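S.K.: There's a structure below that I have some questions on.
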Amino acid sequence: MANQARIPVVVIGAAGKMGREVIKAVASAPDMTLVGAIDTTAEHQDKDAGELAGLSEPLEVPITNQLESMLAFAAQEKQPGVMIDFTHPDSVYNNVRSAIAYGIRPVVGTTGLNPQQIQDLADFAEKASTGCLIIPNFSIGMVLLQQAAVTASQYFEHVEIIELHHNQKADAPSGTAIQTAQMLAELGKRFNPPLVEETEKIKGARGSLADEGIRIHSVRLPGLIAHQEVIFGAAGQIYTLRHDTSDRACYMPGVLLAIRKVLQLKSLVYGLEKIL
Ligand SMILES: NC(=O)C1=CN([C@@H]2O[C@H](COP(=O)(O)OP(=O)(O)OC[C@H]3O[C@@H](n4cnc5c(N)ncnc54)[C@H](OP(=O)(O)O)[C@@H]3O)[C@@H](O)[C@H]2O)C=CC1
Ligand SMILES: O=C(O)C1=N[C@H](C(=O)O)C[C@H](O)C1
């Protein structure tokens, strides 16, 4: 495919665990080309993004911390550009606003945006008539788990979520667990009616309380990547749904799909299940 016809992609968080994986995936996609690799880590400035990601050949795209100038550069490409964000909950909101301001479509993997921030970004994307995707989890297995959980929640009154992640994760609960709880809460029924008055002898023992009485428990340990259980209970039975990741490559088909789909959108869409 001629270079002009490829989707120009900017990766922000390029030196991180997910950013490196995305760079490899974009480099191997026949319809995409990496035009920018942004990361604030001082020790990685000016390194070749491909080499940093572990590719045998350089991509001739240096890591830079200059977001605005990189967005301005991408905006000059003939094809509409996409920025994929895997950074940090503290920076993602401003990154996305900047991308939209330059006409670059954001695909957001970073979790930790609060509901007000998501609404603000939706309003901003709508006004700019620009596609934007916020995807708390890019793996197909998690979409299937969530669908099964929604089905089960029609028949169970008691449910708790346990999410388990590596201990370099900044936000808790995970974006995926929050989204899963939201999906169950959308049914409009209250879960976990109390049978006794509970006392937490140590604060937080019963986890965090999401909408409609759904509890989320967060585990952080080295050795984990990303895992989630949704546990339903009823008299005499337990129904457990579990998803495990063993390699961040599991997110890449979803990431590439999102890069292609965001170009067809004119507003903000939340969740991988909406674009499958
Ligand atoms: N949606 C999904 O399917 C998935 C989402 N995630 C989410 O993606 C995010 C990133 O995860 P992960 O890759 O593991 O994290 P990492 O910490 O490994 O990578 C983040 C990178 O972004 C850099 N960074 C931070 N702030 C900025 C900024 N303002 N501009 C440019 N670069 C910046 C960091 O630099 P420094 O370290 O120097 O701060 C780091 O190199 C998290 O929110 C995580 O929850 C993760 C996996 C899957
Ligand atoms: O930080 C991670 O690793 C992950 N973050 C996302 C989340 O918060 O849900 C997605 C996945 O769980 C991996």
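S.K.: For the chain, take the longest principal axis of its alpha carbons; what is the angle in degrees between that and the long axis of helix 175-185, to the nearest 10 within 0 to 90?
M.R.: 50 degrees
S.K.: Can I ask one more? If eta is 1.567 mPa s and T is 4 °C, what Stokes-Einstein diffusion coefficient results for the chain, Kirkwood Rh from Cα pairs, in µm²/s?
M.R.: 66 µm²/s
S.K.: Right, next: Charges only on Cβ, +1 for Lys and Arg, -1 for Asp and Glu: so what's the dipole of segment 166-216 about the Cα centre, in debye to the nearest 20?
M.R.: Rounded to the nearest 20 debye, it is 140 debye.
S.K.: Which log10 I(q)/I(0) values, to two decimals, does segment 151-240 give at q = 0.12 Å⁻¹ under the Debye formula with one point per Cα?
M.R.: -0.38
S.K.: Sticking with this structure for a sec: First measure r as the distance between the Cβ atoms of F124 and K201, then evaluate 1/(1 + (r/R0)^6) with R0 = 45 Å and state the FRET efficiency to the nearest 0.05. It would help to have the intermediate numbers written out before the result.
M.R.: Details: r = 45 Å, r/R0 = 1.00.
Rounded to the nearest 0.05, the efficiency is 0.50.
S.K.: Let me ask another. Over all distinct alpha-carbon pairs, what is the Kirkwood Rh of segment 79-151 in angstrom?
M.R.: After inverting the pairwise mean of 1/r, the radius is 13.0 Å.
S.K.: Across segment 133-203, how large is the tail of the calculated P(r) beyond 16 Å, expressed as a percent of all Cα pairs?
M.R.: 59 percent
S.K.: Any chance you could give the angle, 0 to 90 degrees and rounded to 10, that helix 17-27 forms with the longest Cα principal axis of the chain?
M.R.: Relative to the chain, helix 17-27 is tipped by roughly 50 degrees.
S.K.: Enumerate the amide H contacts of A37 below 5 Å, restricted to partners 5 or more residues apart or on another chain; note that Pro and chain-start residues carry no placed amide H.
M.R.: Amide H to amide H, under 5 Å and 5 or more residues apart or across chains, A37 pairs with V11, T64.
S.K.: By count of other Cβ within 10 Å, fewest leading, how are M83, M142, M32 ordered?
M.R.: Lowest to highest Cβ neighbour count: M32, M142, M83.
S.K.: Turning to a different aspect of this structure: Could you put Y102, Y239 in order, starting from the residue whose Cβ has the fewest other Cβ atoms within 10 Å?
M.R.: Y239, Y102
S.K.: Under the 0.36 nm per residue contour assumption, what length would be gained going from the current alpha-carbon distance of H88 and K189 to full extension?
M.R.: 33.0 nm
Read-outs throughout are calculated quantities, based only on the coordinates presented, and are distinct from any laboratory measurement. Because the structure is a prediction, the values reported are computed rather than measured. Note that we place each Cβ from the backbone using ideal geometry, even for glycine, and neighbour counts take in every protein chain shown.
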